[in-house]
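Here's the structure, in structure tokens; my notes come after.
The values are calculated or read from the model by the stated rules, or taken from the named source; none is laboratory data. Remember, it's a predicted structure, so these values are computed and weren't measured experimentally. When we count neighbours, we look across all protein chains shown, and the Cβ atoms used for this are built from the backbone with ideal geometry, even at glycine.
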Amino acid sequence: MSSSMDFAPGDPALMLTVLRSAEANLDRSMLLRRVLSLFCTDDYGNQIAVEDGPDLQRRIDNAIAHLELAGLIRMTAGDELSITSLGTAMMLAYPLGIDDGVLCSLPAFRNSIYETHAPVVQERHLPNSAYGSGFSAGIEAHRLTENPYPSDSRDHEDWLMGWDEALDQSKREAETLLN
């Protein structure tokens with residue numbers, strides 16, 4: 001038979017609890033109380049109360065950090081959690097919970113994770129200005145034909161990739177807001 005120390009709540013449910021707590025502007029101690037009030041079941045259907053411990057604290061801190069990286073919540077000056085408009089939209093779009101897979105669809109989270117966990121390379125390439133120019137053009141709804149680079153150049157392709165990425169990002173954000 002498992003005990004409450006053997007069980008840790010699933011990350012999607014925990015992240016949803018953190019988001020709901022941010023929506024209510026709770027501080028960390030109130031968030032912990034909310035998490036501890038949850039009841040879960042083990043493999044045999046027995047109810048288990050979640051207990052405080054280092055592993056639970058680590059999971060809560062991890063959920064808060066990931067949601068902050070994704071731009072779904074922020075900490076106020078009074079150390080309270082606060083939900084962002086994107087957080088509200090994501091909570092509505094994913095009512096059963098949000099995990100890192102969902103967060104990876106958000107550029108802020110994906111880029112931050114990549115920067116943290118990217119393989120170390122000896123040489124860091126400077127950002128390609130043509131890609132950045134294309135991305136800006138895509139965000140500003142410029143036409144594809146406004147690519148300023150010769151069609152047989154690498155810069156032309158990079159501009160096109162940036163423009164296309166901006167279009168994809170705009171579509172993802174629009175879908176998130178509609179759902």
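Quick notes on this one:
- Failed condition for residue 122, given (1) more than 17 Å from the chain's Cα centre (by Cα); (2) at pLDDT below 90; (3) in a helix (DSSP H, G or I): (3)
- Identity of the residue in region 7-51, among the hydroxyl-bearing types (Ser, Thr, Tyr) and at pLDDT 85 or above, that ends up farthest from residue 66 (Cα to Cα): 29
- Selection of region 136-179 for residues being closer than 25 Å to residue 90 by Cα, in contact with a helix residue (DSSP H, G or I) (Cβ under 6 Å, 6 or more places away or on another chain) and part of a loop (DSSP other than H, G, I, E, B) yields only 179.
- Of all residues in region 69-106, those being closer than 16 Å to residue 23 by Cβ, assigned to a loop (DSSP other than H, G, I, E, B) and either of a type in the set (S, T, N, Q) or assigned by TED's automatic domain parsing to the domain that holds residue 172 (or both) number 2.
- Tabulated pairs, region 92-120, first touching a residue at least 40 places away in the same chain (Cβ under 8 Å) and within 15 Å of residue 67 (Cβ to Cβ), second acidic (Asp, Glu) and not in a loop (DSSP other than H, G, I, E, B), C-beta under 7 angstrom, 6+ apart or interchain: 99/11
- Some residue of region 52-68 being in a loop (DSSP other than H, G, I, E, B), touching a strand residue (DSSP E or B) at 6+ places or on another chain (Cβ under 8 Å) and surrounded by 14 or more Cβ atoms within 10 Å (Cβ to Cβ): no
- Taken over region 158-177, the criterion of being buried (at least 17 other Cβ atoms within 10 Å of the Cβ) and of a type in the set (D, E, K, R) is satisfied by 158 alone.
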